[in-house]
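Note sheet for the following structure.
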Amino acid sequence: MPLRLFLNLSIEFGPIIVFLVASSLTSFIPATLIFVMATFVALVAGFLERKKLAWFPFIVGMTIIVSGLLTFFLNNPFFLIIKDTLYNGIFALVLLTGLLFKKPLLKPLFGNLFVMTEKGWSILTLRWAVMFIILAVSNEVVRMFLPPEEWIVYKGIATLVTILFSLYQFRLSKKERLPEASPWGMKK
């Protein structure tokens, strides 16, 4: 179980960590191309590990690949940076809309990982919607007032906060787990 969790977190957060390291060794544009390549590798690794397409990582990965390639070929950091504002804002809106219609939309995206009550899925969806709003607003503030090199520092901090927030959600999955779940609310 811990190996599966580590693999999933590596697939999810590995490319951004590679980007942060690459940006400290080179400039923004070449680091972006490395980020795109690491994202592609993570998508392939995720597909091979799961033996099926996981929609959430696929959507995230494709937004990174498209915005990263635009950034690289047009030599303009704007596209990679604005991606975070758009991506986080759109996901927040979609999750909140799902909750409005009593459909916790994280369940179909992460139902292969967690086994929780409907209440648990609704709480998790609301928490992530709020987190996405915070990330979208903070990214937009940083984008408007700081240069791309300083956005990278923000991105590192935002990534760390997102990882910690993700790990904190295991308290919820543990509390709201169904009887057939592991003690942490994950599929056995």
Notebook entry, point to check: Can you find a residue in the stretch 113-133 that is touching a Phe, Trp or Tyr at 6+ places or on another chain (Cβ under 7 Å) and small (Gly, Ala, Ser)?
Noted result: no
Next item on the list: Assess whether Thr32 counts as being free of Cβ contacts under 8 Å to residues at least 60 places away in the same chain, under 23 Å from Glu150 (Cα atoms), of a type in the set (S, T, N, Q) and touching a Gly at 6+ places or on another chain (Cβ under 9 Å).
Entry: yes
Notebook entry, point to check: Looking only at residues in the stretch 47-58 that are modelled with pLDDT of 85 or more and touching a Phe, Trp or Tyr at 6+ places or on another chain (Cβ under 9 Å), which one is nearest to Asn76 (Cα to Cα)?
Noted result: Phe58
Checklist line | Close pairs from the stretch 152-168: first of a type in the set (S, T, N, Q), partner open to solvent by less than 20 Å² (accessible area, probe 1.4 Å) and part of a helix (DSSP H, G or I), Cβ under 6 Å, at least 6 apart | finding: Thr159/Ile16
Item checked: Which numbered condition Asn75 misses (of (1) open to solvent by 80 Å² or more (accessible area, probe 1.4 Å); (2) in contact with a Leu (Cβ under 6 Å, 6 or more places away or on another chain); (3) not aliphatic (A, V, I, L, M)) -> (2)
Margin query: I'm trying to understand the selection: among the residues of the stretch 27-73, which are of a type in the set (Gly, Ala, Ser) and in a helix (DSSP H, G or I)?
Written below: Ala31, Ala38, Ala42, Ala45, Gly46, Gly61, Ser67, Gly68
Next item on the list: Go through the residues of the stretch 41-62 one by one and say whether even a single one is in contact with a Lys or Arg (Cβ under 9 Å, 6 or more places away or on another chain), surrounded by fewer than 20 Cβ atoms within 10 Å (Cβ to Cβ), farther than 18 Å from Asn112 by Cα and among the hydrophobic types (A, V, I, L, M, F, W, C).
Entry: no
Next item on the list: Confirm whether Ile17 is modelled with pLDDT under 90, out of contact with any strand residue (DSSP E or B) (no Cβ under 7 Å at 6 or more places or on another chain), within 29 Å of Pro147 (Cα to Cα) and part of a helix (DSSP H, G or I).
Entry: no
Note to self: I'd like the full set of residues that are aliphatic (A, V, I, L, M), assigned to a helix (DSSP H, G or I) and open to solvent by 70 Å² or more (accessible area, probe 1.4 Å), limited to the stretch 1-14.
What the structure shows: Leu3
Next item on the list: Kindly indicate whether any position in the stretch 94-103 is in contact with a Gly (Cβ under 9 Å, 6 or more places away or on another chain), in contact (Cβ under 8 Å) with a residue 12 or more places away in the chain, under 23 Å from Asn8 (Cβ atoms) and not aliphatic (A, V, I, L, M).
Entry: no
Next item on the list: For Thr26, work out the one condition from (1) open to solvent by 20 Å² or more (accessible area, probe 1.4 Å); (2) among the β-branched types (Val, Ile, Thr); (3) in contact (Cβ under 8 Å) with a residue 40 or more places away in the chain it doesn't fulfil.
Entry: (3)
Next item on the list: Could you grab me the full set of residues in the stretch 99-121 that are more than 16 Å from the chain's Cα centre (by Cα) and charged (D, E, K, R)?
Entry: Lys102, Lys103, Glu118, Lys119
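The values are calculated or read from the model by the stated rules, or taken from the named source; none is laboratory data. All figures in this text were calculated on a predicted structure; none of them were measured in a lab. All Cβ positions, even for glycine, are placed from backbone atoms using ideal geometry, and neighbour counts span all protein chains on display. Protein only, heavy atoms only, side chains kept; ligands, DNA and RNA dropped before computing areas. Shrake-Rupley method; radii C 1.70, N 1.55, O 1.52, S 1.80 Å.
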